[in-house]
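Laboratory data are not the source of any read-out in this text; all were calculated from the coordinates shown. In this text, all values refer to a predicted model and were calculated from it rather than measured experimentally. Note that we place each Cβ from the backbone using ideal geometry, even for glycine, and neighbour counts take in every protein chain shown.
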């Protein structure tokens with residue numbers, strides 16, 4: 001029994017494209033470290049995405065009860081990043097499912113950049129500090145420091 005010509009042509013075309021893609025990728029030499037574009041450190045989010053100057057950032061990955069919103073960054077360089085925004089925190093009263101998100105103005109500082117374990121050629125900030133300019137959530141201090149995941 002003869003095979004259909006169209007199916008064979010599609011299969012051969014797909015194999016040719018796959019081979020061309022693999023050949024191109026393997027034939028391209030890696031970029032030397034000295035020639036790479038200098039990138040500023042990034043903020044890594046809960047799902048391991050690199051974030052640069054994000055306007056929103058989830059702080060409480062497990063339950064979503066604390067998030068930074070409306071962020072405006074005034075500084076972002078190789079050593080630190082500084083921005084202003086709002087920390088929306090669930091008061092969990094009477095419980096977290098029925099709680100209310102309260103908004104608190106904050107200054108955010110990122111620092112302690114280090115190589116990201118998942119992508120060693122990328123630096124990530126490893127500490128986030130929140131400075132509450134007025135009211136703060138119950139149980140919080142005026143300045144809260146958080147280690148960031150790596």
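Observations on the structure shown:
- Semi-axis lengths (Å, descending) of the ellipsoid that matches the C-alpha gyration tensor of region 76-140: 30, 16, 8
- Normalising by residue count, region 39-147 has a Cα convex hull of 95 Å³ per residue.
- Inter-probe distance in nm under a simple model that places probes 7 Å from Cα toward Cβ, at residue 107 and residue 148: 1.9 nm
- With a simple spin-label model that places each label point 7 Å from the Cα along the Cα-to-Cβ direction, the separation between residue 122 and residue 97 comes to 3.6 nm.
- Shape call, region 63-108: gyration tensor on alpha carbons, a/c limit 1.5: prolate
- Sites residue 50 and residue 140 - FRET efficiency at Förster radius 35 Å, r taken between beta-carbons, to 0.05: 0.80
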